[in-house]
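Some notes on the structure that comes next.
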């Protein structure tokens, strides 16, 4: 079994005792993964980092399942897998608590200017007389995506006294405190927009110059989903114009973020390096979930 990472949680490895486990390292390239597939012909791949495409699948004729260490499967060529009879499974919900908490942390950091005030304080300033932050009670949060993560964020926002709007045509069992709306209402009515949907060909660049212009002036944007959902130059322009008051971002169009990225140095953009789902607890939950999902396919 191939793990496209440098490690796997011990409880997950214990489930795989009957298999030889090969690690690809902490940052495997697609070519690295192809080479390892050719060398070891795995029956299963657990995907932590890197992309698994058709070339890797063709290099592993025994491959039966590709299991994501987490919920997002956009780094796996699902069409190629389907064409080859390879199942793609994900540990959906395993990191939901971690990501939802991080989304709320980014929202609070933006609304309360946490990073900016911290930097100012360390530089010896005392901005009590001039600073005013945003109070979230009574404000409206618009959630795009109402899966396991979006639902947790909705519950947190409701507990804080926020009005909760959500767009998700596939959501079931929506709580009564969540108002389902179309996307145009999300843009028009939200004081905060938080993204919790997968990245697809249809929604790439969902937050664009046009949709950002349709938002309420001073909106806050939070993204703990996928970077490709946002047109980054359009967001930067909206930040600089004041149309967007702040952004809390954990994922980006290109990762890792390159030095001298346009977002660097923007005081109203709070950044984290795609670690929303990275906690000690989620590491175990995702590993065990990915291992169990792979074994479920292999054992029929």
The FRET efficiency for residue 79 and residue 27, from their Cβ-Cβ distance with R0 = 25 Å and rounded to 0.05, is 0.50
Average the reciprocal distances over every distinct pair of alpha-carbons in the chain, invert the result, and give the Kirkwood radius in Å. 20.5 Å
Where does each of 5-17, 151-163, 119-131 land if you order them by average Cβ count within 10 Å, highest first? 151-163, 5-17, 119-131
With Cα springs under 10 Å, the Gaussian network model of the chain assigns the largest mean-square fluctuation among 24, 97, 82 to 82
With labels modelled as points extended 7 Å from the Cα through the Cβ direction, what inter-label distance (nm, one decimal) is found for residue 135 paired with residue 35? 6.0 nm
Among 47, 219, 174, whose mean-square fluctuation peaks in a Gaussian network model of the chain (Cα, cutoff 10 Å)? 174
Taking 8 Å as the Cα distance limit and 6 or more residues as the minimum spacing, I'd like the relative contact order of segment 54-105 as a percentage. 40 percent
Given a Förster distance of 45 angstrom, what is the FRET efficiency for residue 213 paired with residue 64, based on the Cβ-Cβ distance and rounded to 0.05? 0.40
Using only the Cα atoms of segment 96-271, each taken as one equal point scatterer with no solvent, compute I(q) by the Debye sum, divide by I(0), and report log10 of the ratio at q = 0.08, 0.10, 0.14 Å⁻¹. -0.23, -0.36, -0.71
Highest mean first, how do 29-39, 58-68 rank when packing is the count of other Cβ atoms within 10 Å averaged over residues? 58-68, 29-39
Among 170, 283, 49: highest mean-square fluctuation, GNM of the chain, C-alpha pairs under 10 Å: 170
Work out how much length residue 179 to residue 155 would gain on full extension: take 0.36 nm times their residue separation and subtract the Cα-Cα distance, in nm to one decimal. 7.4 nm
Run the numbers on segment 96-271 and let me know its relative contact order in percent, using alpha-carbon pairs under 8 Å that are six or more apart. 22 percent
When the helices in the chain are scored as -39500 (n - 2.57) per DSSP H run of 4 or longer and the sum is shared across all residues, what 222 nm value do you end up with, to the nearest 500 deg cm²/dmol? -10000 deg cm²/dmol
Roughly speaking, what is the stretch gain from residue 292 to residue 125, that is 0.36 nm per residue apart minus the C-alpha to C-alpha distance, in nm to one decimal? 54.9 nm
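Here, each number is a calculation from the coordinates, and none is a lab measurement. Quick caveat: nothing in here was measured; it's all calculated off a predicted structure. In this analysis, Cβ positions are derived from the backbone assuming ideal geometry, glycine residues included, and neighbour counts consider all displayed protein chains.
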